[in-house]
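Worksheet for the structure shown next.
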């Protein structure tokens, strides 16, 4: 990280930016000629703050365990839940994922891991019999399965943020929930696998809208059959990732069920939410996925005026406050890709790696594909550290 006293002066910066704007010069090229980067630029205001208390640890700070408890991942995405369960000592036998690019990321980071998805398989949970056959023949999975099933069915039908990307008059503006024929019933497809294989423990992860959209009626109706089968399902909890060591505000609905033992007790929250300053003060060096956007001089002139927490209305990006948890990392749409927030110390947007750190991905975890698609993978994921905290409690409560 470039320190404040290593940045160019405001006078030099404004002169350079105005020169580029007036003469229509490429700012990135002009910085390169001077031996500078965007990180040598500064905001006008560096307000001082204070972190009263922080329990922040990156997931690499937790010792990777090995309890050999088997687990199967559904709707795996880029692997947030997989990583958390991996660090908690579970043996992830397979990941089911329909997106081919996400599958490439999973295969790159877990070369010995069975990925049930394109191009070898469909990876679509609606193809239930096909996936069940693979689990039985390739892995020898049979009921009752003594491990864990974990997964987060696509949340767009229940998400406020996802649907508000559309105009109010657009049919997509309102959350469709369970009435979404394409994605609203994927939860029930996932529950089909639980009924078939009877895992000892299952986890469902989603946006809070899954239980808010109809006061939980659709969700509880979907879970009725599992209760009749003898599963004890803990009351669904909405967890804020910032309360569990993640340097980011991110609300996720978590549901845990077990066919053996008592109701799940959710992990204890930290004394205070985790600020994001450590993410930006740790050196980043030459990590993979750390490519920053080449902003125009005009954009930098706007960004540099912002205080901590303020939004640039034109670009719809926010300058992060390092003394607070980051705002939620955004996935974006399936076609356009995600967009990042503004770095707290340099007037530029974050790289994929910086966003991945806010999500608590390990630095050695690599995302493949175009930058926009990398942002989508990072933004869609469950923070691995949150997944670890939950998985660690699952082990302690049901497998010790």
Legend entry - Search result, residues across the range 27-40 that are more than 33 Å from the chain's Cα centre (by Cα) and not in a helix (DSSP H, G or I): 34, 35
Legend entry - Which listed residue is touching a residue at least 12 places away in the same chain (Cβ under 8 Å) and buried (at least 18 other Cβ atoms within 10 Å of the Cβ), from 94, 47: 94
Legend entry - Checking residue 232 against (1) surrounded by 19 or more Cβ atoms within 10 Å (Cβ to Cβ); (2) farther than 19 Å from residue 135 by Cβ; (3) in contact with a strand residue (DSSP E or B) (Cβ under 8 Å, 6 or more places away or on another chain), the condition it does not meet: (1)
Legend entry - Filter result for residue 397 (within 16 Å of residue 59 (Cβ to Cβ) and in contact with a strand residue (DSSP E or B) (Cβ under 9 Å, 6 or more places away or on another chain)): no
Legend entry - Criterion: at pLDDT 95 or above, surrounded by fewer than 22 Cβ atoms within 10 Å (Cβ to Cβ) and in a loop (DSSP other than H, G, I, E, B) - qualifying residue of 347, 362: 362
Legend entry - Of all residues making up the range 103-138, the number that are more than 19 Å from residue 186 (Cα to Cα), surrounded by fewer than 17 Cβ atoms within 10 Å (Cβ to Cβ) and touching a residue at least 60 places away in the same chain (Cβ under 8 Å): 1
Inset, instruction - Please find, within the range 206-229, the residue that is surrounded by the most Cβ atoms within 10 Å (Cβ to Cβ) out of those that are touching a residue at least 12 places away in the same chain (Cβ under 8 Å) and touching a strand residue (DSSP E or B) at 6+ places or on another chain (Cβ under 7 Å). - result: 210
Legend entry - Lone qualifier among 288, 298 - being assigned to a loop (DSSP other than H, G, I, E, B) and either modelled with pLDDT under 95 or surrounded by fewer than 17 Cβ atoms within 10 Å (Cβ to Cβ) (or both): 288
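Could you tell me whether any residue of the range 37-48 is touching a strand residue (DSSP E or B) at 6+ places or on another chain (Cβ under 9 Å) and assigned by TED's automatic domain parsing to the domain that holds residue 248? If you could, list the steps in order and put the result at the bottom.
Pass one, the range 37-48, residues touching a strand residue (DSSP E or B) at 6+ places or on another chain (Cβ under 9 Å): 43.
Restricting the remaining residues to those that are assigned by TED's automatic domain parsing to the domain that holds residue 248 gives none.
Taking every residue of the range 37-48 in turn, none turns out to be touching a strand residue (DSSP E or B) at 6+ places or on another chain (Cβ under 9 Å) and assigned by TED's automatic domain parsing to the domain that holds residue 248.
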Inset, instruction - Within the range 302-320, count every residue that is crowded, with 18+ Cβ neighbours inside 10 Å and either assigned to a helix (DSSP H, G or I) or not assigned by TED's automatic domain parsing to the domain that holds residue 30 (or both). - result: 1
Legend entry - Unmet criterion (only one of (1) free of Cβ contacts under 8 Å to residues at least 60 places away in the same chain; (2) not assigned by TED's automatic domain parsing to the domain that holds residue 134) for residue 63: (2)
Inset, instruction - Please verify whether the range 68-85 includes one or more residues that are surrounded by fewer than 20 Cβ atoms within 10 Å (Cβ to Cβ) and touching a helix residue (DSSP H, G or I) at 6+ places or on another chain (Cβ under 7 Å). - result: no
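The values are calculated or read from the model by the stated rules, or taken from the named source; none is laboratory data. Keep in mind that this is a model prediction, so the values were computed, not measured. Ideal geometry is used to build each Cβ from the backbone, glycine not excepted, and the neighbour counts take in all protein chains shown.
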